[in-house]
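Here's the structure, in structure tokens; my notes come after.
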Amino acid sequence: MALLLNVETATTNCSVAVSKDGKTTALKEDSRNGYSHAEKLHVFIDEALKIGKVDKTELDAIAISKGPGSYTGLRIGVSTAKGLSFALDKPLISVLTLEALALKVEAESGVIVPMLDARRMEVYSAIFDWNYNPLRETQAQILDEKSFSDYLEKGKVYFIGNGVAKTKEIISHPNAVFVENKLPSANEMGLLADRKYHSGDFEDVAYFEPYYLKDFVAIKPKPRT
């Protein structure tokens, strides 16, 4: 048995779940108010543990969604997870954000493309088959009319994540299925984190960093006129 605390902060969804043997037993999340992770994350952790009737000391490990995603969101989530892991002397497990997002799609054929919005016409995306086996690793890519054409010609392609809105404007293939209004959630992390726990796939708490995929670029504020 593995009792895990799962933390997801890669997008506007501030999400915390307690899972037992890969199944969610308590969930607390909110994606309605923008990036409010700094204010809500620790509160949500306490509330999820209370809902699940779990004391922090009973946890077997801490799992964190490692990215890609929002720089600020990832930093807050990873810092919190590392702090808990160190303070409680529990292993730290990282889960790829897009892999967990793919689990929100239930299909009997085709492929799944979880995608998160990046700048302009760019997205962070990965590709999985309908059994959630990876077909292509996470990449930052600029969308155009030919994006994912090889997969679209062969069958259904399920696009999911906050990158769907811009993708719909470019791709109009009949095999494209757009799963809208879905964000990464700690609810799907438990299964992946449980597998890593039982295989002993842990991170070095001292050196672990979020998977940003791209270097951070600060945007200078416009001068006041």
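Coordinate-derived values only; no laboratory data. Remember, it's a predicted structure, so these values are computed and weren't measured experimentally. Cβ: placed from backbone, ideal geometry, glycine included. Neighbour counts: every protein chain shown.
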Within the chain, longest stretch clear of exposed chymotrypsin sites (Phe, Trp or Tyr not before Pro) (DSSP loop, no more than 12 other Cβ within 10 Å): 1-206
Quick check on segment 1-145: take the gyration tensor over C-alpha atoms, sort the square-rooted eigenvalues as a ≥ b ≥ c, and tell me if it's rounded (a/c under 1.5), prolate or oblate. prolate
Amide H to amide H under 5 Å from Ile64: which residues, 5+ apart in sequence or cross-chain, H placed 1.01 Å off N in plane? Val7, Ile93, Ser94, Val95
Stokes-Einstein D (µm²/s) once Rh is taken as the Kirkwood radius of segment 105-179 over alpha-carbon pairs, at 4 °C in 1.567 mPa s: 107
What list of ³J(HN,Hα) values in whole Hz, one per residue of segment 164-179 in order, does the Karplus curve 6.51 cos²θ - 1.76 cosθ + 1.60 (θ = phi - 60°) give from phi, with Gly and Pro shown as x? 5, 4, 6, 5, 4, 6, 10, 9, 10, 5, x, 8, 7, 10, 9, 8
Sorted by Cβ density within 10 Å, fewest first, the residues Val157, Val105, Val123: Val105, Val157, Val123
Expected max-MSF residue from Gly34, Gly67, Gly163 in the GNM of the chain (alpha carbon, under 10 Å) is Gly34
May I ask you to derive the relative contact order of segment 74-188, considering only C-alpha pairs under 8 Å and at least 6 residues apart, and to give it as an integer percent? 24
Given segment 105-179, what percent of its DSSP beta bridges are antiparallel, to the nearest 5? 60
Would you order Arg75, Arg120 from fewest to most other beta-carbon atoms within 10 Å of each residue's own beta-carbon? Arg120, Arg75
Dividing the helical contributions, -39500 (n - 2.57) per DSSP H run of n ≥ 4, by the residues of the chain yields a 222 nm value, nearest 500 deg cm²/dmol, of -7500 deg cm²/dmol
For segment 106-202, listing GluC sites (Glu not before Pro) in a DSSP loop whose Cβ sees at most 13 other Cβ atoms within 10 Å gives Glu106, Glu108, Glu145, Glu153, Glu169, Glu180
How many nm separate the modelled label positions at Lys168 and Asp129, each set 7 Å beyond the Cα in the direction of the Cβ? 3.0
What percent does the relative contact order of the chain come to when contacts are Cα pairs within less than 8 Å and at least six residues apart? 23
Sequence of Leu88, Leu192 once ranked by neighbouring C-beta atoms within 10 Å, starting from the fewest: Leu88, Leu192
If the chain between Asn175 and Gln139 were fully extended at 0.36 nm per residue, the gain over the current Cα-Cα distance would be 10.8 nm
